[in-house]
Every structure is written in structure tokens, then in C-alpha cells.
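Notes follow the structure.
The values are calculated or read from the model by the stated rules, or taken from the named source; none is laboratory data. Owing to the predicted nature of the structure, the values given are computational and were not obtained by experimental measurement. Here the Cβ positions follow ideal geometry from the backbone for every residue, glycine too, while neighbour counts run over all protein chains shown. Ligands, DNA and RNA are excluded from the accessible area calculation, which covers all protein heavy atoms including side chains. Shrake-Rupley method; radii C 1.70, N 1.55, O 1.52, S 1.80 Å.
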Amino acid sequence: MVNIPICKTAHRKVSVISTYWLMLASMLFLSVLTRPGYAASGPMEQIHVAVETVLAELRTTESDQTTKRAKIFEIIAAHFDFREMAQRTLATNWKTTSAEDKKRFVDLYTRLLQSTYMAHIENYTNQKVEYRNERIRNSQAIVETVIIDGGTEIPISYKLRDEAGGKSWQVYDVVIEGVSLIATYRGEYAGIVKNNGISGLLSQLEEKIRSLEQAPTT
């Protein structure tokens, strides 16, 4: 049986994404709010609000780790369009998938990202973040950032879409060092669907999620 690949490259990239969520807030409050031409309801502000709330939850001593992680993902989920991400990941296979399996895939895909994010969410170590550019075109936006970790620069871009006239920007892809998270999973899953069908992919996602959720927390 083909294992669901969270390959070393993909695993590292997802780890960087989760760490990035934590790093974002420390620089965002100072840099974004003073950026010339910055729109009050733009995508960067909405990311800023999400991350500030995540950091506040991480700092609290009133919740145990399980409760804290659940609250953190609830915050992140409000700013990520997981259904859109799931559809883009399945690509042409989405059209041939039944409504029931689509719903199941969206749920499993979301849980996979949740489990992967949560496995690395405590990795924040005060890396520096620079904000290089924000581009908005109609209902699409790209926020370009760079993480500076020692002497290493890691470019990360968020792709966002809005269906509410600029009031609700949601992330549908993250590009790390030029590699799309969606494209990475799409390539991996396409081979599984080809060889094992959508049912095979769903079964392997369930297996991968179980292994992640059963892993001991730190």
C-alpha cells in the first residue's frame, strides 16, 4: 500500500508554515499598520488579527494543551478556506468524486492540516519576519513575506481570495521557497488516486491522521 506522503520536504514546509503563523504577529503590528497605502480591511490585517489571537492563546495558562490547540486551530480555520484548498488539491479528480466523498475528503484534509500544524505550533523561537509586498487584484491577493532565521531567508507567500467585497480574505494556498503547498499535495495525491482510487486516498488519509493524533505531545 502506498503511504500518504508527508515527505521530508513537505513536512519541513508545513512545519515552517506553522512556525510562521507564530512569527507573524511580532512584526506585523509594527510594520503593517504603518505601511503606506495600507487598507484597513486588507488581507494582511486579517492575518494579523488571527495571529495576535493565536499568540494570546499560546500565552494563556488557563487552558491545558489539548484545549489550547483546539482553540488555536479554530482561529486559524476561520482564516483558511479549507474547502477551496481541498478542491484545488484534488484538481480534476474533484469533478469525478461523489458529493459524499468530497465532503469526507474536505474533512480529512482539514484534519490532516490541523494535526500537522499542531504538531509544530510550539516551534516559535523569535525569528524575524519582513513584509516585502502585498498585491491585491479584484478578489485575489498575495502577501509576500520573508522569514529571517539566522543567516537564512525563507520566502513565504500567502495566496488569498475574497468573496465578500474585501471584508473576508481567506488563505487558499501557501508558497514556501517557491513551492506551493497545494501543488505539493496535489502531485502526491494524484498518484494515489490513480493507483488506488479516491477510496484508497481517503483510507490512507485516515491512517495518517490517526498516527499524527496518537503521537505524544511535547
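How much accessible area does residue 94 have with a 1.4 Å probe, in Å² rounded to the nearest 10?
20 Å²
Within the set 103/208; 68/208; 68/159; 102/208, which residue pairs have Cα atoms separated by over 20 Å?
68/208; 68/159
Residues of the range 169-218: accessible area per residue at 1.4 Å, in Å²?
On a per-residue basis, the range 169-218 sits at 47 Å².
What is the local net charge at residue 190, summed over the other residues whose Cβ is closer than 15 Å to its Cβ (Lys, Arg +1; Asp, Glu -1)?
Neighbourhood net charge equals +3.
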